[in-house]
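**Q** Let me begin by handing over the structure; questions about it come next.
The values are calculated or read from the model by the stated rules, or taken from the named source; none is laboratory data. Just so you know, these numbers come straight off a predicted model, no measurement behind them. Glycine also receives a Cβ, built like all others from the backbone with ideal geometry; neighbour counts cover every protein chain displayed.
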Amino acid sequence: MLSKYVNERHSDWDKKLPSMLFAYRTAVHDSTKKSPFFLVYGRQARLPIDLDLPSELDANESPEDVLKRRCDAFIDLNCTREEAAANIRKAQKKTEEKPRQTGF
């Protein structure tokens, strides 16, 4: 992916790397069905453009409601990570079951 965005001499790859890493970390992977960013942080990544949009937080929310919402999100994240681990095991099993092709 990086090779498509660098110049002809491939001398500016280091300037493109942060964007490529962000793209990789926020893309949904086939094996986990989730993005690495979501599995680490429990939420979707926010782009700079998102900062200009209104926040989903309610100004009238009590501290107890915020705490409950965060606890629920933490529990959901653990379930999501377990699902991702199960999806990885399925993908590995599927790969093991494929007949190996030799180049000879």
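**Q** Identify all residues within the range 79-96 that are within 15 Å of Phe38 (Cα to Cα) and surrounded by fewer than 11 Cβ atoms within 10 Å (Cβ to Cβ); write none if there are none.
**A** Cys79, Glu82
**Q** For the range 1-31, give me each residue that is assigned to a helix (DSSP H, G or I), surrounded by 11 or more Cβ atoms within 10 Å (Cβ to Cβ) and modelled with pLDDT of 85 or more.
**A** Matches in the range 1-31: Trp13, Lys15, Lys16, Leu17, Ser19, Met20, Leu21, Phe22, Ala23, Tyr24, Arg25, Thr26.
**Q** If you go through the range 60-79 one residue at a time, do you hit one that is of a type in the set (A, V, I, L, M, F, W, C), modelled with pLDDT of 85 or more and under 24 Å from Leu21 (Cβ atoms)?
**A** Looking for residues that are of a type in the set (A, V, I, L, M, F, W, C), modelled with pLDDT of 85 or more and under 24 Å from Leu21 (Cβ atoms), one finds at least one in the range 60-79, hence yes.
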